[in-house]
Amino acid sequence: FPVTIIVSKKKRSENMSRIRGKGNEKTELRLARLMRAEGLRGWRRHLPIPGRPDFSFRTQKVAVFVDGCFWHGCPRCFRLPKYNRAFWRAKIVGNRKRDRSVNSRLRRLGWKALRVKECELKHQNKVLDKIKAVI
């Protein structure tokens, strides 16, 4: 059971500002290591296509996004923070809406969008099978 640590508003803001969309060790870099270890080749990172996917298989036109459970509102893992709830609810709803929009834009361009949740990375074989099935 996670322990909640209460910090000042300034400190929380400072902590949240350090979270980056690229190169996240728990999500993106972890999947990159998994795919390399499995021998999956042909992917590139951060191609300039809609949504800037974490990984793209250009030949197969497959875009892979690794979504953090908090930022994308994972139904299993996400817990709405106790403070500033209206802000966080709107933020997560906006992120989900953007995800759907990006998926739709990619489909119109002939790409398949594959989204992997952070918590799914615990089950490495399932994630790799999911990727292999699409490519």
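The values are calculated or read from the model by the stated rules, or taken from the named source; none is laboratory data. Just so it is clear, the model here is predicted, and its values are computed rather than measured. FYI the Cβ positions are ideal-geometry reconstructions off the backbone, even for glycines, and counts take in every protein chain you see. The protein model used for the area step is the full one, side chains on, heavy atoms only, and it has no ligands, DNA or RNA in it. Shrake-Rupley method; radii C 1.70, N 1.55, O 1.52, S 1.80 Å.
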* Structure fact -> Given the conditions (1) out of contact with any Leu (no Cβ under 7 Å at 6 or more places or on another chain); (2) part of a helix (DSSP H, G or I); (3) not small (G, A, S), every one holds for F70 apart from (2)
* To do: Tell me which residues, restricted to segment 4-21, are surrounded by 10 or more Cβ atoms within 10 Å (Cβ to Cβ) and at pLDDT below 70.
  => I19, G21
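With respect to I92, is the statement that it is under 30 Å from K9 (Cα atoms) and part of a helix (DSSP H, G or I) true? Working first, answer last.
Details: under 30 Å from K9 (Cα atoms): yes; part of a helix (DSSP H, G or I): yes.
The answer is yes for I92.
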* Asked: When segment 49-83 is examined, which residues are found to be within 20 Å of S13 (Cα to Cα) and either acidic (D, E) or open to solvent by 100 Å² or more (accessible area, probe 1.4 Å) (or both)?
  -> R79, K82, Y83
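Before we move on, is F65 under 17 Å from L29 (Cβ atoms) and either more than 13 Å from the chain's Cα centre (by Cα) or not in a helix (DSSP H, G or I) (or both)? Please lay out each step first, then the result.
On the way: under 17 Å from L29 (Cβ atoms): yes; either more than 13 Å from the chain's Cα centre (by Cα) or not in a helix (DSSP H, G or I) (or both): yes.
So F65 fits the description; yes.
Could you tell me how many of the residues in segment 103-129 are hydrophobic (A, V, I, L, M, F, W, C) and either open to solvent by 30 Å² or more (accessible area, probe 1.4 Å) or farther than 18 Å from L40 by Cα (or both)? Quick ask: steps written out before the conclusion?
In the first step, residues of segment 103-129 are kept if they are hydrophobic (A, V, I, L, M, F, W, C); the result is 106, 109, 111, 113-114, 116, 119, 121, 127-128.
Going one step further and asking which of them are either open to solvent by 30 Å² or more (accessible area, probe 1.4 Å) or farther than 18 Å from L40 by Cα (or both), we end up with 106, 109, 111, 113, 119.
The qualifying residues number 5.
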* Can you tell me which residues in segment 95-124 are under 18 Å from P48 (Cβ atoms) and part of a loop (DSSP other than H, G, I, E, B)? -> L109, G110, W111
* Structure fact -> Exception for K132 within (1) over 23 Å from R33 (Cβ atoms); (2) charged (D, E, K, R); (3) modelled with pLDDT of 95 or more; (4) open to solvent by 30 Å² or more (accessible area, probe 1.4 Å) falls at (1)
* To do: Specify which of the listed residues (F78, F87) is without any contact (Cβ under 8 Å) to a residue 40 or more places away in the chain and under 15 Å from the mean Cα position of the chain (by Cα).
  => F78
* To do: Determine which member of the set P81, P53 is modelled with pLDDT of 95 or more, part of a loop (DSSP other than H, G, I, E, B) and closer than 22 Å to K26 by Cα.
  => P53
* To do: Would you mind stating whether A90 is modelled with pLDDT of 95 or more, open to solvent by less than 60 Å² (accessible area, probe 1.4 Å) and small (G, A, S)?
  => no
* To do: Report the residue count in segment 104-135 for those that are touching a residue at least 60 places away in the same chain (Cβ under 8 Å) and within 15 Å of S56 (Cα to Cα).
  => 9
* How many residues, within segment 26-48, are open to solvent by less than 80 Å² (accessible area, probe 1.4 Å), more than 16 Å from the chain's Cα centre (by Cα) and closer than 24 Å to N95 by Cβ? -> 1
